[in-house]
Amino acid sequence: MLPFAVVGELEAFALKADWGYQKVAFLRQLLERYPLVGFVPELASLYARLDAYSQGKLRGQQLPAGMSARNMGKNDLWIAATALYLDLPLHTADNDFDHLPALGLALVKEPT
């Protein structure tokens, strides 16, 4: 499953990298293999909760020890909200989501 934000990021990458028709067509062919998860209203509440928590502003929820408040990328928040909504693990190679298991997000760290 692919959150809509991931598809947007991939399309933006291809556009900024000036991919030609063949590469873009191949990307879209690959994307068609996976179900697209669009916006549903419940995502907005999850997005807001994750954003407030990440900034250390969610009442009753402190960040884990050693973690400081941060502004997450907006697409990262949509991706995390989608994983939470679907109760699916989020596969990532970076550390941007490391503080979110405290809110129930399952992470699978992929090697880089």
Among the residues of the range 25-43, which ones are more than 19 Å from Leu88 (Cβ to Cβ) and surrounded by 14 or more Cβ atoms within 10 Å (Cβ to Cβ)? Leu27
Failed condition for Phe13, given (1) surrounded by 12 or more Cβ atoms within 10 Å (Cβ to Cβ); (2) without any contact (Cβ under 8 Å) to a residue 12 or more places away in the chain, with all others met? (1)
Please determine, by comparing only the residues of the range 44-56 that are touching a Leu at 6+ places or on another chain (Cβ under 9 Å) and either of a type outside the set (A, V, I, L, M, F, W, C) or outside the structural domain of Thr82 (by the TED database) (or both), which one is surrounded by the fewest Cβ atoms within 10 Å (Cβ to Cβ). Gly56
Taking the conditions exactly as written (under 23 Å from Tyr85 (Cβ atoms), modelled with pLDDT of 95 or more and in the same structural domain as Asp96 (by the TED database)), does Leu31 satisfy them or not? no
With the first residue restricted to the range 83-109 and required to be more than 19 Å from Gly66 (Cα to Cα) and at pLDDT 95 or above, and the second required to be among the charged types (D, E, K, R) and not in a loop (DSSP other than H, G, I, E, B), Cβ contacts under 6 Å at 6 or more apart or on different chains are Tyr85/Glu42
Selection count, the range 94-105, where residues are more than 13 Å from Ile79 (Cβ to Cβ) and surrounded by fewer than 13 Cβ atoms within 10 Å (Cβ to Cβ): 3
Complete set of residues in the range 3-59 that are of a type in the set (Asp, Glu) and within 16 Å of the chain's Cα centre (by Cα): Glu9, Glu11, Glu42, Asp51
Only one of Ala44, Ala65 is modelled with pLDDT of 95 or more and among the small types (Gly, Ala, Ser), namely Ala44
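The values are calculated or read from the model by the stated rules, or taken from the named source; none is laboratory data. What you see is a predicted model; the values in this text were computed from it and never measured. Please note: Cβ atoms are built from the backbone with ideal geometry, for glycine as well, and neighbour counts cover all protein chains shown.
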